[in-house]
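**Student:** The structure's right below; bear with me while I get my questions together.
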Amino acid sequence: MSKEKETNTKITKSKKGVSKMMYFTTPIYYVNDAPHIGHVFTTVNADFLTRFYKSLGYDTYFLTGTDEHGQKIAKAAQQANKTPREFTDTIVPKFFDVLNKMHIEINHFIRTTDPEHEALVQKWFQKFYDNGDIYKGKYKGKYCVDCEGYYGDDELLPGDLCPNHKKPVSVMEEETYFFKLSKYEFYVKELFAKKDFILPEKYKGEAHQRLSQGLKDVSISRKSTDWGVKVPFDKEHVVWVWFDALINYISGLQGKEQYWPATHILGKDIFWFHAVLWPAMLKAMNYEPPRFFVHGWWTTNGTKMSKSLNNFIPPETLTKYGVDEARYFLLRQMPCGEDSDFNSKFFEERYLELSNTVGNLINRVAIIAQKNYIDLTKDYPIEKSIQIEIDKTIKEVKDDLDSFKVQGAIMKIMSLGQFLNKYTNDTEPWKLVKTNKEKASVVVYNLVLGINLLTLLLEPCMPEKMKEARKIFRFKAEKITDIYILSTKKIKPEKVLEIEPKILFPMIIKFEF
């Protein structure tokens, strides 16, 4: 299998030549409550990856949105004395606010109440039924309203508690339509055996036990609620909210299916339905399988954040010390696939990391260049050590991102900053300029060259803050490929005409959340 296929990159030909396409999604978020750090983290990850691959020359598409059907929404709306649609219309704008405040750029925001989405859900349901993948029957089982799903006895916690919400489940019996998931058991197991279908690999391992017990057909309609997409040939039933929601990844493309297959970014708690049911549905409709990047949970003092414990971090708290600073903290702090704690101490460490490695470097070099009238419009030679470090950084960062090691990629970008700081200290251009201005100019030129790449590499993580940084030197490049040709590792330096030093990360005495 080629590397391009492993990373869910589609290569198409156009009049302009070869175009590499990548499609990133978040889960669509359930609108029973306002957004929190979990929503922000997943969406910032997708935004970072979309921006980075775009900077590398890829044609990208980024989808997020809201999941608005189901019994849980109907119940929340009733408690708020609103219709389900009125209720969802009050919550959805809060998700748009988060996108704007967190500097997140998307191609499309989908709502499962969109007419186009509902029409496609009905089309798929009808096609499944016509092809014999759906049949009518009765189901009796233990049901969690919050999960909108049934659980087997072996999946429940002691006391018949839902494993996700730690609440008692209800015994329900109802007429329902079933999807023949068992028909696709061999196909799903084949996918799980493939490298890079699910990353990190640990989550694939955790699913093996459930897979080894065989796949049972899934109940995919409900009569217990009327808030949902109507089954096209049986108006007494609505489509099960999960079955409805998964189809958003296709309907959200708005006819631009050339971007498929997707790279789905999601939390570990919703991994099973996505990685088992969704690929089976896609296979039934003759679509290629997606790829999954699974991340852990944010905790507070080691405890998983939850609504019942009232320990969720809202976006306004998260951004107390800056939006891009918060984005950096989220992406830098959580190891690939692991849980991570949110606290003032960790945030302070990451802020000081930015200040010392990036902010001080940029301001110091800008002052040296400005104070000593270094002519950065001349073509000075590129130091071999700088060239090697840049080449290594870009390769290692892309390798990490292809494997969803976002924290690792950020750390490698910051290693370039550390290298440039060491290069500054070793060469001492503030001293060298007094005895050999030409040599000092070469040093500063190489530092500015490194800073140009450093800020472009960090821009997908901190888009607005790095725009500020790039204005210090009036850099004009907008993406990595504007000044670095990946295929030949050739650096194309920019001419710097004007410099305006600035403190990017001001000192903060105490961090408190």
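Condition check ((1) among the small types (G, A, S); (2) within 22 Å of I250 (Cβ to Cβ); (3) in contact with an Asp or Glu (Cβ under 6 Å, 6 or more places away or on another chain)) across all residues:
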| site | (1), (2), (3) |
| --- | --- |
| T88 | no, yes, yes |
| P93 | no, no, no |
| K123 | no, yes, no |
| G141 | yes, no, no |
| Y150 | no, no, no |
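**Student:** Given the conditions (1) in a loop (DSSP other than H, G, I, E, B); (2) free of Cβ contacts under 8 Å to residues at least 24 places away in the same chain, and given that R470 satisfies all but one, which numbered condition is not satisfied?
**Tutor:** Among (1) in a loop (DSSP other than H, G, I, E, B); (2) free of Cβ contacts under 8 Å to residues at least 24 places away in the same chain, R470 violates only (1).
**Student:** Additional query: Do you know which residues across the range 82-102 are among the aliphatic types (A, V, I, L, M) and in a loop (DSSP other than H, G, I, E, B)? Let's see the steps before the verdict.
**Tutor:** Taking the range 82-102 and keeping what is among the aliphatic types (A, V, I, L, M), we get 91-92, 98-99, 102.
The answer is M102, and nothing else.
**Student:** Just checking, which of E148, E190, E185 is touching a Gly at 6+ places or on another chain (Cβ under 6 Å) and either under 21 Å from K235 (Cβ atoms) or modelled with pLDDT of 90 or more (or both)?
**Tutor:** Details: E190 fails: touching a Gly at 6+ places or on another chain (Cβ under 6 Å); E185 fails: touching a Gly at 6+ places or on another chain (Cβ under 6 Å).
None of the others qualify; the one that does is E148.
**Student:** Sticking with this structure for a sec: Considering only residues of the range 309-325 that are acidic (D, E) and crowded, with 18+ Cβ neighbours inside 10 Å, which is nearest to Y351 (Cα to Cα)? Before you say what the answer is, go through the steps one by one.
**Tutor:** First, the residues of the range 309-325 that are acidic (D, E): 316, 324-325.
Still in the running and crowded, with 18+ Cβ neighbours inside 10 Å: 324-325.
On the way: D324: 10, E325: 7 Å.
Checking each candidate, the answer is E325.
**Student:** Please count how many residues of the range 384-442 are under 25 Å from the mean Cα position of the chain (by Cα), free of Cβ contacts under 8 Å to residues at least 60 places away in the same chain and farther than 21 Å from I491 by Cα.
**Tutor:** 1
**Student:** Somewhere in the range 30-45, is a residue of a type in the set (A, V, I, L, M), part of a helix (DSSP H, G or I), at pLDDT 95 or above and farther than 29 Å from G228 by Cβ? Break it down stepwise before answering.
**Tutor:** Of the residues in the range 30-45, the ones of a type in the set (A, V, I, L, M) are 31, 34, 37, 40, 44.
Subsequent filtering for residues that are part of a helix (DSSP H, G or I) retains 37, 40, 44.
Within this subset, residues satisfying the condition of being at pLDDT 95 or above are 40, 44.
Then drop every residue that is not farther than 29 Å from G228 by Cβ, which leaves 44.
Yes: the range 30-45 contains one or more residues that are of a type in the set (A, V, I, L, M), part of a helix (DSSP H, G or I), at pLDDT 95 or above and farther than 29 Å from G228 by Cβ.
Every residue, every condition in (1) within 24 Å of A409 (Cα to Cα); (2) at pLDDT 95 or above; (3) assigned to a loop (DSSP other than H, G, I, E, B), yes or no:
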{"position": "N452", "(1), (2), (3)": "yes, yes, no"}
{"position": "L457", "(1), (2), (3)": "yes, yes, no"}
{"position": "P460", "(1), (2), (3)": "yes, yes, yes"}
{"position": "S487", "(1), (2), (3)": "yes, no, yes"}
{"position": "L497", "(1), (2), (3)": "no, no, yes"}
{"position": "F513", "(1), (2), (3)": "no, no, yes"}
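**Student:** Show the residue pairs that are 6+ apart or on different chains and have beta-carbon atoms under 8 Å apart, the first residue being within the range 275-289 and free of Cβ contacts under 8 Å to residues at least 60 places away in the same chain, the second being in a loop (DSSP other than H, G, I, E, B).
**Tutor:** As it stands, the answer is W278/P290; L282/E288; L282/P289; L282/P290; Y287/W260; Y287/P261; E288/W260; E288/P261, since those pairs meet every condition given.
**Student:** While we're here: For H264, all conditions in the list (1) touching a residue at least 60 places away in the same chain (Cβ under 8 Å); (2) under 25 Å from E148 (Cβ atoms); (3) touching a Leu at 6+ places or on another chain (Cβ under 9 Å) hold save one; what is the number of the exception?
**Tutor:** The failed condition is (3).
**Student:** Can you name the residue in the range 385-406 that is among the acidic types (D, E) and surrounded by fewer than 16 Cβ atoms within 10 Å (Cβ to Cβ) and is also nearest to T427 (Cα to Cα) among such residues? Break it down stepwise before answering.
**Tutor:** Filtering the range 385-406 for residues among the acidic types (D, E) gives 389, 391, 396, 399-400, 402.
Then drop every residue that is not surrounded by fewer than 16 Cβ atoms within 10 Å (Cβ to Cβ), which leaves 391, 399.
Numbers: D391: 21, D399: 31 Å.
The residue in question is D391.
**Student:** Let me ask something additional. Tell me, please, whether a residue that is more than 22 Å from G296 (Cβ to Cβ) and either touching a residue at least 40 places away in the same chain (Cβ under 8 Å) or surrounded by fewer than 20 Cβ atoms within 10 Å (Cβ to Cβ) (or both) can be found in the range 326-338. Don't jump to the end; show me each part of the working.
**Tutor:** Within the range 326-338, the first condition is being more than 22 Å from G296 (Cβ to Cβ), and the residues that meet it are none.
Scanning the range 326-338 turns up no residue that is more than 22 Å from G296 (Cβ to Cβ) and either touching a residue at least 40 places away in the same chain (Cβ under 8 Å) or surrounded by fewer than 20 Cβ atoms within 10 Å (Cβ to Cβ) (or both).
**Student:** I'd like the full set of residues that are without any contact (Cβ under 8 Å) to a residue 40 or more places away in the chain and outside any loop (DSSP other than H, G, I, E, B), limited to the range 473-485.
**Tutor:** D482, I485
The values are calculated or read from the model by the stated rules, or taken from the named source; none is laboratory data. Keep in mind the model is a prediction, meaning the values are calculated, not measured. Neighbour counts run over all protein chains shown; Cβ positions are idealised from the backbone, glycine included.
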